[in-house]
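Chemist: Here it is, the structure in full.
The values are calculated or read from the model by the stated rules, or taken from the named source; none is laboratory data. Because the structure is a prediction, the values reported are computed rather than measured. In case anyone asks, the SASA skips ligands and DNA or RNA and just uses the protein heavy atoms, side chains included. Shrake-Rupley method; radii C 1.70, N 1.55, O 1.52, S 1.80 Å.
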Amino acid sequence: MANTYAVIPAAGTGSRMGAKTKKQYLQLDGWPVLAHTLKIFEKSPTISGVVLVVGEQEVEWCRQQIVERYGFNKVLVVVPGGNHRQHSVYNGLLALAAQDEDIVMVHDGARPLITEEILSKAAEAALDKAAVVVAVPAKDTIKVIDGQSRVVSTPPRERLWQVQTPQVFNYRLLLRAYQHAKENDFLGTDDASLVEYLGHSVYIVPGNYENIKITTPEDMLLAESILQRRREQCE
């Protein structure tokens, strides 16, 4: 039976946050953002193990102050990232001792509001489709512009989805996609774009609008509000 693993890239600098501390280590409701993310994967029965990818100078600190301090036993290894997210994820895949038939999720370390229900649905879909991404329908009308900021087209909104993470794949397929991208000097915008570049279809799994990526100070306020509401619902 296939196992499901997670690669969690958290090596970004978070420049748009405007804080001295990287966004993944900022305190959110008493815990670092990254710890909130890891907690979901730790508790999920869907997940067999996690590879955490952080900045090269942060590996030992993160192992001690995040993984050991908060008791994340499913974190198999902490590895250094690269210059781009794509390089960081590839490092994580190479560090993962998975079988060809296993499933691997790639999830942003700065998305601490993912739910176990979505993890489970995405993993189940990946077993069937081999390549799925969690996404939500676009709420706003999207315009395509040219180099002079002139609108050239308006795609039908009902066909547009905002892609989130996790993005979930058959392990062999994703590793092959990353190797193919490296051989061809292709830099994609997300993991799915590499699988698409390889020529494989990718499918949508409906997600949740609350699964935000922490990027700006306003996102921290929204995340705190969501966590508080979730606590109240459980009481």
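Chemist: Given a cut-off of under 8 Å on Cα pairs at least six residues apart, what relative contact order in percent is computed for segment 1-77?
Modeler: After rounding, I find 38 percent.
Chemist: Would you please give the residues with an amide H less than 5 Å from that of V79, counting only those at least 5 places away or on a separate chain, with H modeled from the backbone geometry?
Modeler: Here the answer is L52, V53, V54, since their amide H atoms fall under 5 Å of that of V79.
Chemist: Could I ask something else about it? Could you work out [θ]222 nm for the chain from helices alone, using -39500 (n - 2.57) per DSSP H run of at least four and dividing by all its residues? Round to the nearest 500 deg cm²/dmol.
Modeler: That calculation yields -10000 deg cm²/dmol at 222 nm.
Chemist: Only one of the listed values, (1) 211; (2) 172; (3) 150, was derived from the coordinates as volume of the Cα convex hull per residue in Å³; which label is it?
Modeler: (3)
Chemist: Which residue, V77, V151, V163, tops the fluctuation ranking in a GNM of the chain built on C-alpha contacts under 10 Å?
Modeler: V151
Chemist: Which whole DSSP H helices in the chain pass both tests: a Cα extent of 20 Å or more along the axis and a mean Kyte-Doolittle value no lower than -1.0? Before the final figure, lay out the partial values.
Modeler: Details: long enough: 217-234 (26 Å, -0.82).
Qualifying helices, which must be both long enough and hydrophobic enough, are 217-234.
Chemist: Give the carbon-plus-sulfur fraction of the accessible surface of the chain in %, rounded to a whole number; probe 1.4 Å, heavy atoms of protein chains only.
Modeler: Within the chain, the accessible surface is 48 percent carbon and sulfur.
Chemist: In square angstrom, what is the accessible area per residue of segment 20-110 with a 1.4 angstrom probe?
Modeler: 45
Chemist: Another question, if that's okay. Among R159, R176, R111, which one shows the highest mean-square fluctuation when the chain is modelled as a Gaussian network with alpha-carbon springs under 10 Å?
Modeler: Greatest mean-square fluctuation among the candidates belongs to R159.
Chemist: If you average the sequence gap of Cα pairs under 8 Å that are 6 or more apart and divide by the length of segment 1-159, what percent do you get for the contact order?
Modeler: 28
Chemist: Using alpha carbon centroids, what distance separates segment 79-107 and segment 122-181, in Å?
Modeler: About 19 Å separates the Cα centre of segment 79-107 from the one of segment 122-181.
Chemist: In addition: Counting alpha carbon pairs within less than 8 Å and at least 6 residues apart, what relative contact order, in whole percent, applies to segment 122-230?
Modeler: 31
Chemist: Next question, about the same structure. So what's the projected area for segment 86-223, the Cα convex hull averaged over all directions, in nm²?
Modeler: So the Cα hull casts an average projection of 10.1 nm².
Chemist: Stokes-Einstein diffusion coefficient for segment 52-117 at 25 °C in a medium of 0.890 mPa s, Rh from the Kirkwood formula over Cα pairs: what value in µm²/s?
Modeler: Stokes-Einstein gives a translational diffusion coefficient of 188 µm²/s.
Chemist: Take the residue pairs K43/K213; K20/K143; K39/K213; K139/K182; K22/K129 and return only those whose Cα atoms are more than 25 Å apart.
Modeler: Checking Cα-Cα distances, K20/K143; K139/K182; K22/K129 exceed 25 Å.
Chemist: Among L52, L221, L173, which one shows the highest mean-square fluctuation when the chain is modelled as a Gaussian network with alpha-carbon springs under 10 Å?
Modeler: Evaluated over the chain, the most mobile residue of the options is L221.
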